[in-house]
Amino acid sequence: MNNTVIVVDLETTGLYPENGDMILEIAAVPVEDKDIRTDLAFHELVNPEKRIPPEITEINHITDEMVENEKPIREVLPDFIDYIQDYPLVAHNAPFDTGFLKYFSAKLGITMRNNRLIDTIDLSKMLFRNERRHNLDAVLKRLDISIDSNVRHNAQKDAYFTSLAYVKMRAMLNNRV
């Protein structure tokens, strides 16, 4: 797995872990060269150990009932850190996802490796300089990757969509050189 990256996506209860927002779902899929390895994917729903705000359930469709019997982040995060090893991490809006991971790693005393980060927003801005919108939906549309918008805000599917975008944008950037 020489040219392997791990594409990561989280669903959370909000935007700010330092204000008590929690991780609800972690998903990751390896990409080896241009092969998206869904057969090796990581996926866990996470019990936030508190109620999920209704407005968050409206966005990501994760309910209290779905996570009540799941492991809390203190049990899921060590497995995830082991899974990602030292591979570069790819995410759409990487500071958001890695911010949550780093916050909870520090809070729980878990050593998180210093993985290289690749943000697909940055790749999109390199390729589509004249475009104003670089959210995942806009990027997927620009790349002719068709999705059902009803399945967005699901970490597993968003990690897959992000991996499709990453593979396509990386190929486009390689063709420019």
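Mind checking which residues of the range 2-32 are farther than 20 Å from Asp119 by Cβ, assigned to a loop (DSSP other than H, G, I, E, B) and out of contact with any Lys or Arg (no Cβ under 9 Å at 6 or more places or on another chain)?
Once the filter is applied, which keeps residues that are farther than 20 Å from Asp119 by Cβ, assigned to a loop (DSSP other than H, G, I, E, B) and out of contact with any Lys or Arg (no Cβ under 9 Å at 6 or more places or on another chain), the range 2-32 yields Asn2, Gly14, Asp21.
Counting only residues that are farther than 14 Å from Val31 by Cα and not charged (D, E, K, R), how many does the range 86-104 have?
11
Of everything in the range 43-55 that's in a strand (DSSP E or B) and out of contact with any Pro (no Cβ under 9 Å at 6 or more places or on another chain), which residue is surrounded by the fewest Cβ atoms within 10 Å (Cβ to Cβ)?
Once the filter is applied, the top-ranked residue is His43.
Please go through (1) in contact with a Leu (Cβ under 7 Å, 6 or more places away or on another chain); (2) of a type in the set (Gly, Ala, Ser); (3) surrounded by fewer than 14 Cβ atoms within 10 Å (Cβ to Cβ) for Gly109 and return the number of the only condition it doesn't satisfy.
Result: Gly109 passes all but (1).
Every residue in the range 56-83 that is touching a strand residue (DSSP E or B) at 6+ places or on another chain (Cβ under 7 Å), surrounded by fewer than 18 Cβ atoms within 10 Å (Cβ to Cβ) and among the hydrophobic types (A, V, I, L, M, F, W, C), please.
Passing the criteria: only Met66.
Would you mind finding the one in Asn175, Asn130 that is in a helix (DSSP H, G or I), exposed (fewer than 14 other Cβ atoms within 10 Å of the Cβ) and among the polar types (S, T, N, Q)?
Asn175
Table: residues versus (1) closer than 18 Å to Gln156 by Cβ; (2) in contact with a Pro (Cβ under 8 Å, 6 or more places away or on another chain); (3) assigned to a helix (DSSP H, G or I).
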site	(1), (2), (3)
Ile62	yes, no, no
Tyr87	no, yes, no
Lys102	no, no, yes
Ile121	no, no, yes
Lys125	no, no, yes
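What's the number of the condition Asp97 fails, among (1) in a helix (DSSP H, G or I); (2) touching a Lys or Arg at 6+ places or on another chain (Cβ under 9 Å); (3) of a type in the set (Asp, Glu)?
Unmet condition: (2).
Only one of (1) in contact with a strand residue (DSSP E or B) (Cβ under 7 Å, 6 or more places away or on another chain); (2) modelled with pLDDT under 95; (3) at positive phi is not met by Asp33, so which one is it?
If we test Asp33 against (1) in contact with a strand residue (DSSP E or B) (Cβ under 7 Å, 6 or more places away or on another chain); (2) modelled with pLDDT under 95; (3) at positive phi, just (1) comes out false.
The values are calculated or read from the model by the stated rules, or taken from the named source; none is laboratory data. Note that the coordinates shown come from a computational prediction; the quantities given were computed from them, not determined experimentally. Positions of Cβ are generated from backbone atoms using ideal geometry, with glycine treated the same way; all protein chains shown enter the neighbour counts.
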